[in-house]
């Protein structure tokens with residue numbers, strides 16, 4: 001099973017494998033079963049950040065602890081990560097203003113994205 005790596009800043013570390021499906025790019029998080037898609041990589045990564053924020057906020061709104069309320073991705077995607085070809089981005093994502101009142105319940109997170117081979 002995949003282990004969540006805690007970077008020195010204390011944020012939640014999330015890995016995402018990126019691949020093409022038809023004419024779209026898809027980003028699948030590994031530690032949490034969260035996915036996003038877009039027609040280009042720049043929009044994909046921005047959408048992924050917003051989707052993770054929204055999923056974490058939905059956990060909190062449902063009275064659950066984020067991010068533990070979201071299960072991991074299927075093993076297939078973990079296999080794609082093991083065979084990844086190119087690292088795309090590693091970015092810290094601050095808690096958005098829209099979720100500031102939930103700040104203590106929504107963790108700061110870092111997304112590390114890589115292209116599937």
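The values are calculated or read from the model by the stated rules, or taken from the named source; none is laboratory data. All values reported here derive from a predicted model rather than from experimental measurement. Cβ: placed from backbone, ideal geometry, glycine included. Neighbour counts: every protein chain shown.
Summary of computed values
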{"quantity": "Checklist (1) under 11 Å from the mean Cα position of the chain (by Cα); (2) modelled with pLDDT of 75 or more applied to residue 77, failing item", "calculated": "(1)"}
{"quantity": "Residues that are in contact with a strand residue (DSSP E or B) (Cβ under 8 Å, 6 or more places away or on another chain) and in a loop (DSSP other than H, G, I, E, B), drawn from segment 56-82", "calculated": "67, 73"}
{"quantity": "Scan of segment 25-36 for residues that are farther than 13 Å from residue 113 by Cα and surrounded by fewer than 19 Cβ atoms within 10 Å (Cβ to Cβ), ordered by number", "calculated": "33"}
{"quantity": "Residue 53 being in contact with a strand residue (DSSP E or B) (Cβ under 8 Å, 6 or more places away or on another chain), in contact (Cβ under 8 Å) with a residue 24 or more places away in the chain and not in a loop (DSSP other than H, G, I, E, B)", "calculated": "yes"}
{"quantity": "Residue pairs meeting the criteria (Cβ under 9 Å; at least 6 apart or on separate chains; first on the phi > 0 side of the Ramachandran plot and touching a residue at least 24 places away in the same chain (Cβ under 8 Å), in segment 26-46; second part of a strand (DSSP E or B) and crowded, with 21+ Cβ neighbours inside 10 Å)", "calculated": "none"}
